[in-house]
Amino acid sequence: MVELSDLFWLSLLVFGGWYWLSAREIKDVALKAAKTYCDEVDVELLDESVVLRGFWFKRDSRGRIKLWRSYIFEFSSTGDDRYKGKVILLGNRTESVQLETHRLH
């Protein structure tokens, strides 16, 4: 006999797995955006990683509510220094990539 608490825990487990896979895919989108932007402006992406800094719900241009995420990463312009950059995603689309003020090589 299946009890209500069993269904709750099973649902929670399924939701957790779905969220983990979804978050991983979105993180890959953010990493690709950071790599592409760093290549375009001729700086080096350090550590080949992005880190989730924050998330919130926001509306897109069509008025639909999406999950807004902010990821940070580090880059170098000369190879001897480290600066921070930020990738903003709304849903699974890149809204912007920003770099701190840095030295040009």
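Can you tell me which of Lys32, Lys86, Lys58 moves the most in a GNM of the chain? Springs connect C-alpha atoms under 10 Å apart.
So, out of Lys32, Lys86, Lys58, the one fluctuating most is Lys58.
In whole percent, how big is the carbon plus sulfur part of the accessible area of region 53-105, probe 1.4 Å, protein atoms only? Don't skip to the answer; put the middle values down first.
Working: 1850 of 3800 Å².
Carbon and sulfur atoms account for 49 percent of the accessible area of region 53-105.
What distance in nm separates the simple spin-label points at Ala23 and His105, each placed 7 Å from Cα in the Cβ direction?
Here the modelled spin labels are 3.5 nm apart.
Find the accessible area per residue for region 1-88; the probe is 1.4 Å, ligands and nucleic acids are left out, and the unit is Å².
75 Å²
Excluding ligands and nucleic acids, what accessible area in Å² is computed for Tyr37 using a 1.4 Å probe, to the nearest 10?
Looks like 70 Å² after rounding.
Which label marks the calculated value of Cα extents along the principal axes in Å, given the options (1) 42, 25, 20; (2) 72, 29, 24; (3) 69, 32, 17?
The listed entry that was calculated here is (3).
Give me the aspartates and glutamates in straight-line cross-link reach of Lys66: C-alpha distance below 14 Å, same-chain residues under 8 apart excluded.
Here the aspartates and glutamates satisfying the reach criterion relative to Lys66 are Glu95.
Rounding to the nearest 20 debye, state how big the charge dipole of region 32-105 is about its Cα centre with +1 on each Lys and Arg Cβ and -1 on each Asp and Glu Cβ.
800 debye
So, counting K/R as plus one and D/E as minus one, what does the shell of residues with Cβ under 13 Å around Ile26 add up to?
+3
Provide the FRET efficiency to the nearest 0.05 for the Leu90-Glu3 pair, computing r from the beta carbons and using R0 = 35 Å.
The computed FRET efficiency comes out at 0.30.
The values are calculated or read from the model by the stated rules, or taken from the named source; none is laboratory data. Values in this document were obtained by computation on a predicted structure and should not be read as measured data. Counting neighbours? That spans all protein chains shown, and the Cβs are built from the backbone with ideal geometry, glycine included. Just so you know, the surface numbers come from the protein's heavy atoms only, side chains and all, with ligands and any DNA or RNA stripped out. Shrake-Rupley method; radii C 1.70, N 1.55, O 1.52, S 1.80 Å.
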